[in-house]
1. Hey, A:Arg31 hits all of (1) more than 22 Å from the chain's Cα centre (by Cα); (2) basic (Lys, Arg); (3) under 26 Å from A:Tyr242 (Cβ atoms) but one; which does it fall short on?
2. Return the residues of segment A:201-212 that are of a type outside the set (Gly, Ala, Ser) and either more than 7 Å from chain B (Cβ to nearest Cβ) or within 25 Å of the chain's Cα centre (by Cα) (or both); say none if nothing qualifies.
3. For segment A:191-242, what are the residues that are hydroxyl-bearing (Ser, Thr, Tyr) and touching a residue at least 60 places away in the same chain (Cβ under 8 Å)?
4. Being within 14 Å of another protein chain (Cβ to nearest Cβ) and in a loop (DSSP other than H, G, I, E, B) is true for just one of A:Glu280, A:Glu293. Which residue is that?
5. Does A:Asp88 satisfy being of a type in the set (D, E, K, R) and in contact with a helix residue (DSSP H, G or I) (Cβ under 8 Å, 6 or more places away or on another chain)?
6. Looking for something more than 8 Å from chain A (Cβ to nearest Cβ), closer than 14 Å to B:Phe541 by Cβ, more than 25 Å from the chain's Cα centre (by Cα) and in a helix (DSSP H, G or I) - is there at least one such residue anywhere in segment B:479-491?
7. Could you grab me the full set of residues in segment A:228-241 that are out of contact with any Phe, Trp or Tyr (no Cβ under 8 Å at 6 or more places or on another chain) and either at the interface with another protein chain (Cβ under 9 Å from one of its Cβ atoms) or at pLDDT 90 or above (or both)?
8. Restricting to segment A:267-309, count the residues that are under 19 Å from A:Gln128 (Cβ atoms), out of contact with any Ser or Thr (no Cβ under 9 Å at 6 or more places or on another chain) and among the polar types (S, T, N, Q).
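The values are calculated or read from the model by the stated rules, or taken from the named source; none is laboratory data. In this text the structure is predicted, and so the values were computed from the model without any measurement. Neighbour counts run over all protein chains shown; Cβ positions are idealised from the backbone, glycine included.
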Amino acid sequence: MRRTSFPRRVFLKSSGLAFLGLGLCPGFLRRAVAETTRPRRTLVFVFLRGGADGLSIVPPVGDPAYPAARPTLAIPRPGAEGGALALDGTFGLHPALAPLEPLWRSGALAAVHAAGLHGATRSHFDAQDFCESGTPGAKSTEDGWLNRCLQEIPEPRAGAFRAVALQGTLPRTLRGTAPAVAVEGLQGFRLSGHERLDSFEGLYAGAVDQALRSTGQEAFEALRAAASAELSARPPENGAVYARAPLARRLQDTARLLRGGVGLEVVATEMGGWDTHVAEGGSTGQLAGRLRELGEALAAFARDLGPRLSEVTVVVMTEFGRTVRENGNRGTDHGTGSVMLLLGGGVRGGRVHGGWRGLDGPGLFEDRDLAIGTDVRSVLAEALAATLRPPDLGRVFPGFTPSRVGAFD
Amino acid sequence: MDAASRLTTVALVLVGFAARASPPDSGGPGDGWSSEKQAVHVLNRLAYGPSPASLAEIESMGIQAWIDSQLRPAAIDDRAVEAKLAPFRSLQMSTAERLATYEPEVKLARQRGLDPADPETRARLAEELPMGALPRQMGAELIAARLIRATESRRQLEEVLLDFWFNHFNVAAQKGAVRWMLASYEQDALRPHLFGSFRDLLGAVAHHPAMLFYLDNWMSTREGFDLGALRRAGAPVPKKLAEGGKLGLNENYARELLELHTLGVDGGYTQADVREVARCFTGWGIDRPRQVGTFAFHPMAHDRGEKQVLGRTIAAGGGMEDGEQVLDLLTAHPSTARFLARKLAQKFVADEPPPALVERLAAVYLATRGDLTSVYHALFGSTEFWSDRAFGAKTKTPLEFTVSAVRALGGTTYGDVALVKALDGMGELLYRAQPPTGWPEVAAPWVNAGALVSRINFALALTAGRVPGTEVRLPEVARGAGASESVETLSRAVLHVPLSAATRATLLRAVAGEEDRMPDGETRSVDRAQVAGLLLGSPEFQKQ
C-alpha cells in the first residue's frame with residue numbers, strides 16, 4: 001500500500017487577506033506569542049448555534065435588575081431552591097452546569113461576560129457567519145479565522161488530522177486554504193471496501209473539481225491515519241464516562257485524536273438547540289437540558305484527559321445573546337452580548353472576565369439587549385496566542401485590534 | 001387575455017430578446033451540444049439525474065417538449081408511483097387524524113404510569129408498541145414517499161422544486177407538534193403552488209400550522225395579552241392557559257419571513273420593521289396544535305394598533321388582513337424578486353450565478369407579479385443555463401447524489417431504512433434541518449472528508465446489492481468484451497461523459513488486479529458491480 005501518494009500541501013497558498021492586517025497585533029499579544037518555547041496547545045472550539053442565553057448560563061444573580069427583567073426565567077440566587085452556583089458577588093453558574101463547578105474551583109474554567117461581535121446582526125445566519133469568518137460586516141471573506149490562523153503557522157508535513165471538524169460539515173471557521181477534515185465521528189470513518197482505497201485515491205487525484213480533489217486527498221490520508229492509529233477503539237481514561245449525546249461523543253473523539261498522536265492542533269465542533277423563543281425555562285426546562293448536556297460533556301472530557309487538559313484549551317461561544325427582558329412567551333428573542341466559557345491550559349480560571357456594566361444604562365443596548373463589553377475577537381486572539389501562537393494575529397482578524405481581556409496567562 | 005397573462009407574455013418576449021441579444025457564438029439553447037449532452041444536462045438539473053427510462057423519454061419526445069411537459073406536471077401520468085405510495089396510511093390522513101392515531105411516546109408512557117423523561121422507558125415503550133402506532137412511523141412514511149418520488153416519479157421537476165421550496169421555507173420535524181403537520185405542509189401548502197404565483201405559495205406557508213409552530217408565531221400576541229383576565233371576564237379560556245400570565249410579541253417568524261422567505265438579509269429592512277411585521281401577524285395561530293392542528297386567527301390576540309412596515313402605514317383597526325398586507329408588500333418588493341431569482345439561478349445554474357441572469361429573472365418575476373412558472377421558463381431558456389460553464393458545474397447534495405445513483409442504474413426503491421441511513425451519514429437528514437435556512441444548496445458545506453467517505457461507501461453498497469429495499473440493474477456489457485471495452489461501456493452508461501485518460505487508467509488498474517488473481521489464466525469478464533461502484537463513487541459522479 002502506498003503510504004503518502006501525493007504532496008497534499010501543494011494547495012496551501014497565501015490568503016488574500018494577508019496584506020490587510022499588518023501592524024494590528026498589540027504588543028501584549030506579540031509577546032505572548034514570542035516569549036515561549038513550550039509546544040503549541042490544541043485548540044478546541046465549540047460553537048453553540050442558535051444564540052445561547054448568556055444571562056441564564058452565567059446569570060448576574062447579584063444584579064437587582066436581573067430578576068426584574070426576567071420574572072419567570074431568572075435563575076434564583078445561590079442557596080435558594082434551584083439557585084445558581086455562587087461564583088462571585090455578582091455572578092453565579094447555572095445549576096445544570098454543576099459538573100463544571102469543580103473545574104471552576106480548581107481554576108481550569110473561566111467565563112467572559114457580555115462578549116459579542118460589534119457590528120453584527122440579530123440574524124442567526126449572518127451573526128454565525130461573522131463569528132466564523134471573524135470579519136463582521138464583510139460578507140465576501142472567504143475563509144474562517146481558525147483556518148487563517150493555520151495558514152499563519154504552515155506545517156507542510158502535518159498529518160491529515162491536524163485540523164478536524166467533528167461534525168457533519170466543515171464549518172465556516174475552518175474553511176480556507178489550510179487543509180482541514182470534517183468527520184461526523186471516528187466510529188463510522190472507514191471505507192467499506194478498504195482494498196479499493198488506492199483506486200479511489202487515484203480517481204480523486206485526477207478530479208477536475210479542485211474541492212473534490214483536495215478533499216479526496218485529505219479523506220484518504222485521514223482514513224489511513226485513523227486505521228493505523230486504531231483511533232476509534234481507544235477507551236476513555238481516569239474513569240471518565242461520556243453521555244450518549246452528540247457533543248459528548250465529539251469530545252470523546254477529540255480525546256481519542258489527542259491520544260492517538262496524530263498531530264491534532266485544532267478541533268471545531270458545534271451544538272444546536274439554543275434558540276429559546278418559547279418556554280426557555282429557568283433552573284430546569286429547555287435551556288437547562290441543553291446546559292446539562294454541555295456541562296456533562298465538558299466535564300467528562302476534562303476528566304478523560306486528566307493532567308493532559310493543560311495541553312488543550314477549549315473555547316465555547318455563541319453567535320449572539322438574547323434579549324435582557326423575557327418575551328411574551330416565557331422565552332427570549334435574539335439579542336447581542338452573551339457569555340463565553342474557557343477551559344483548560346493557559347486559562348486564568350475561576351473568574352468572570354470582561355467588564356460588567358449592569359443590565360441597564362450603559363449595559364443595555366438599544367433598550368433590549370445586553371451591550372457588548374468585550375469583542376469576542378479579543379478573547380479569541382488571546383486564546384490563539386495561548387495555543388497556536390500565530391506570528392501575526394493581525395492577519396487572523398484583519399482590521400481588528402484586540403483589547404486586553406486577561407483571560408489567559 | 002387577463003392582465004396577468006398579458007404581463008407573462010411581455011416578460012417572455014423580453015427574455016427571448018435577452019437570449020437573442022447574447023453573444024452570437026452562444027446561439028440558442030444547447031447549440032453545439034449533442035442531443036445526449038442536452039438530455040443529460042436537463043436531467044441533471046430538472047430531474048434527479050438521468051435514468052435509462054428518462055433518457056428514452058427525452059429521446060422520443062424531444063428536449064423542449066420534455067421541458068414543457070415538466071412545467072405542467074398535472075398532465076403527466078404518474079399512476080405507477082401513486083400506486084406504490086398507496087399503502088402509506090399516514091400520508092392520507094388529516095393532521096387531526098394523525099394526532100389521534102400516532103400519539104406521542106410521552107403520552108403513551110404516562111398512560112402506563114411510566115416516567116417519560118427516562119430514556120430507558122422510552123426505549124422500552126418503543127419495543128412494546130407496534131411501530132405502526134408510533135409517531136416515528138409518520139416520519140418513515142414521509143421520507144420513504146419523498147425518496148420513492150424522487151427516484152421513480154415521472155414528474156421529476158416537481159420533485160426537484162419541492163426540495164428547493166421546502167428548504168426555502170424550511171420547518172423541522174423535531175420541533176414540538178411539527179412532525180404531525182409535515183405531510184399536510186408538503187401536500188397542502190407547498191405542492192399545489194410550486195408552479196403558481198409566489199404570493200400564493202408564501203400565503204399558504206404563512207397560514208400553515210407547521211410554519212406557525214416552527215417559527216413560534218402561534219404564540220405571538222399583542223403585548224400584554226392577558227388570558228387570565230379574559231377567563232375572569234367569562235371567556236372560554238382553558239384554565240391551564242389562563243394561568244400562563246400575560247403573553248406578548250414573538251419576533252421569530254417575522255424576522256425569518258423578511259430575511260429568508262422574501263427580502264433577503266440585505267433586502268433593506270430594519271429591526272424596527274421586524275417588530276412591526278411581528279405585530280401585524282399577532283393572532284395568526286393554530287387551533288389546538290396537538291388535537292386539531294389547523295390554522296386559526298385569534299382576533300383578541302391581535303395588535304390592532306397602527307403599524308409602519310418598510311415605510312408603509314398599515315392602518316389601525318385591522319385584523320388578519322394586516323398580515324396579508326405585509327405578504328402583498330413583500331411579494332411585490334424588488335428585493336424579493338432579486339433574492340428569489342438568485343436562489344433559483346443558484347439552484348439550476350451555478351453556485352455563483354451570473355449576475356446578468358439574476359437581474360433578468362428578477363425582471364421576469366416583477367413583470368409577472370411573481371409567476372413562478374414564468375421565472376422557471378426564463379431560467380431554462382437562458383443562455384447561461386445552456387452554457388458550457390454550467391454543464392456539470394454543480395456538486396450534488398447528498399439527496400441528489402443518492403437518488404441519482406439509484407436512477408443511473410435503472411433502480412427502484414421503497415425508501416427503506418438502509419437508504420435513509422446512508423443519506424443521514426452524508427449529512428442530509430430529510431425533514432430534520434434544524435435551522436430555518438434548510439439544507440444548503442451550494443457545494444462547500446457538503447464536500448468534506450467524512451461525507452465523501454460516506455458517499456463512496458454508499459456507492460459500493462448499492463452496486464454490491466447491500467442496500468435492502470433498493471434494487472439496481474447493472475448495465476450489460478457485450479459477451480466476451482475485454483476489460484477496456486467493458487469499462488468504456490459501463491462508464492458511458494453511468495456517467496454519460498467521456499472518461500479522462502487518468503480515470504480510465506485507474507479503473508483498468510482496479511480491474512486488472514482482479515484478472516491477475518485468475519488461476520487458469522483465462523480472461524474473465526470484468527466484475528461489473530465493482531466498476532459501477534468505482535464510477536458512482538468517482539468525483540465525476542458527484543457533479544451534475
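1. The single condition A:Arg31 does not satisfy is (3).
2. A:Glu201, A:Val208, A:Gln210
3. A:Ser214, A:Tyr242
4. Details: A:Glu293 fails: in a loop (DSSP other than H, G, I, E, B).
Unique residue meeting the criteria: A:Glu280.
5. no
6. yes
7. Correct list: A:Pro235, A:Glu237, A:Asn238, A:Gly239, A:Val241.
8. 0
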